[in-house]
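The values are calculated or read from the model by the stated rules, or taken from the named source; none is laboratory data. Owing to the predicted nature of the structure, the values given are computational and were not obtained by experimental measurement. A quick note on method: Cβ atoms are made from the backbone with ideal geometry, for glycine too, and the neighbour counts reach across all protein chains shown.
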Amino acid sequence: MKTKLYFTTLVISLLLTIGSNAQTICNGEAIRFQETFGTGNSAASLPEGRTTYTYNGSSDLADGYYRLSKSSRGRSEWHNTTDHTGDANGRMMVINAGYTAGEFYKDTVSNLTPGANYSVSLYIMNVNTLGTCGSSAILPKLQFVVEYLAANNTFQSLTTLKSDFIPQSSTPTWVKISSGFMMPGGITSVRYRIINNSNGGCGNDLAIDDITFSQCASLSSLPVKGLKINTVEEAAGGTRILFSTEAEYNTAAMETQKSTDGITWSTIHQQPAAGNSDRYKAYSSSDAASASNTVYYRIRQTDIDGSSTYSAVVSFKGGEKSGSSMNAYPNPFSAKLSVNINAVENETYLITLYSASGAQLRQIRVAARKGSNIAEFDGQQLQKGMYLITAVNSDGSIKFNQKIIKN
């Protein structure tokens, strides 16, 4: 049966991958969401707001038009085949790409687990028969963006996947592309967008099917693991950003990006990534401007195939005179709990997590530097209820307490 599905316990084996893209391997895969575009003998349109393309359910598809159909033949020169699963009545989205970078499709996925690993995948087919449009044929290529709604009500990217150009073939051929990401703490929903990343014209014609989000016990080819900003501090002539990774796979570059509103971002520093590393890797970058007002920083990691992953966003305001402070977030939390120590000078803090009854559960020692310092607790195994976070400096002269809720 073809429909949009949310899964809770289904565990499936890995599917074979066709194509040359570096693919994410999802170990212990459990499908949480799947868009299959439904079933039916006749053509159908998408709900309002799902695409920037125009529906045409009866005649040849011109540039900028689409339909949901059980056949890939939107024009006479295209392949006439079934959807990816071979269901004779299963629909797919059939598209004649336009001349602008419009959105083929977008939707929201809910009820995801904060802090968990996920893979996202879809199937693409170049619907042109071999030789269509001759040597000047324009090949389909798309960009897949996964993003979440941040606290400042702006969408922040989690991962961006770019496909290779999808070649023509003598027989209908579905190509699978996939990527992986980690859900931020406190976030349960993401928006995804599939964007035209090629030129308009003869040959840029495609079908897409079976968009899948799967929760994974682990991701063996996630380009970067544990990407996070650890400290943002005032430094001579500006601001210093210290960040790190736990492991890297085919990473190419690290970009430090800055924003004054959390919406528009610019790259202020770029450096080579480790490439391949199975151990902790520390990085630093700098911002020549002093932060007298609140600014935002994030790290954009680019893979060798052009895909990218982003760290969580950290806010910073220099010149604070009101003393050190602590903030634990999100509150309530579900999986990962972040603790931000904003220090007015270099100082060591002992951060402790207690149960409501006063039992010590977790402890982290942080060598805080002047500025914002981020520590993280893994709270996935904690029971729901109230907890207490404390932070004490080395001589006991500074102590912070905050009650938090696990939901």
- Within the range 381-407, the count of residues that are loosely packed, with under 14 Cβ neighbours inside 10 Å and either in contact with a helix residue (DSSP H, G or I) (Cβ under 9 Å, 6 or more places away or on another chain) or not basic (Lys, Arg) (or both) comes to 11
- Task: Run down Arg67, Arg73 and say which single residue is assigned by TED's automatic domain parsing to the domain that holds Ile211, part of a loop (DSSP other than H, G, I, E, B) and among the charged types (D, E, K, R).
- Result: Arg73
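Filter the range 215-229 down to the residues that are surrounded by fewer than 20 Cβ atoms within 10 Å (Cβ to Cβ), assigned to a strand (DSSP E or B) and out of contact with any Asp or Glu (no Cβ under 6 Å at 6 or more places or on another chain) and list them by number.
Selection gives Ser218, Lys228.
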- Task: State the number of residues belonging to the range 381-407 that are touching a strand residue (DSSP E or B) at 6+ places or on another chain (Cβ under 8 Å) and not in a strand (DSSP E or B).
- Result: 6
- From the residues in the range 74-88 that are out of contact with any Asp or Glu (no Cβ under 6 Å at 6 or more places or on another chain) and buried (at least 19 other Cβ atoms within 10 Å of the Cβ), which one is farthest from Cys202 (Cα to Cα)? Thr81
- Check every one of the strands (runs of 3 or more DSSP E) wholly within the range 235-339 and list those with 1 or more residues that are among the aromatic types (Phe, Trp, Tyr). 238-245, 247-249, 281-287, 295-303, 308-310, 314-316, 325-329
- Note on the structure: So, first residue under 15 Å from Lys399 (Cα atoms) and of a type in the set (Val, Ile, Thr) in the range 327-356, second residue modelled with pLDDT under 85 and in a loop (DSSP other than H, G, I, E, B), Cβ within less than 9 Å, six or more apart or across chains; the pairs are Ile341/Ser324; Val344/Glu320; Val344/Lys321; Val344/Ser322; Val344/Gly323; Val344/Ser324; Val344/Lys370; Thr348/Ser394
- Item | Near pairs, Cβ below 7 angstrom, 6+ apart or cross-chain, from the range 393-407 (closer than 26 Å to Gly186 by Cβ) to any residue that is basic (Lys, Arg) and modelled with pLDDT of 80 or more | Lys406/Lys384; Asn407/Lys384
- Output the number of residues of the range 166-181 satisfying the condition of being among the hydroxyl-bearing types (Ser, Thr, Tyr) and at pLDDT 90 or above. 4
- Query: Take the residues of the range 184-205 that are small (Gly, Ala, Ser) and modelled with pLDDT under 90: which is farthest from Ala335 (Cα to Cα)?
  - Reply: Gly201
- Give the range 274-317 a look and list any residue that's aliphatic (A, V, I, L, M) and closer than 22 Å to Val120 by Cβ, or say none. Ile299, Ile304, Ala312, Val313
- Among the residues of the range 162-207 satisfying the criterion of being more than 20 Å from the chain's Cα centre (by Cα) and part of a strand (DSSP E or B), which is farthest from Val94 (Cα to Cα)? Ser169
- Message: Just to verify a result, which residue in the range 347-365, among those that are closer than 19 Å to Val232 by Cα and crowded, with 20+ Cβ neighbours inside 10 Å, is nearest to the chain's Cα centre (by Cα)?
- Response: Ile351
- Can we say Glu376 is under 20 Å from Leu242 (Cα atoms), outside the structural domain of Phe243 (by TED's automatic domain parsing) and part of a loop (DSSP other than H, G, I, E, B)? no
- Hey, does the range 101-124 have a residue that's buried (at least 21 other Cβ atoms within 10 Å of the Cβ), outside the structural domain of Arg300 (by TED's automatic domain parsing), in contact (Cβ under 8 Å) with a residue 12 or more places away in the chain and not in a strand (DSSP E or B)? no
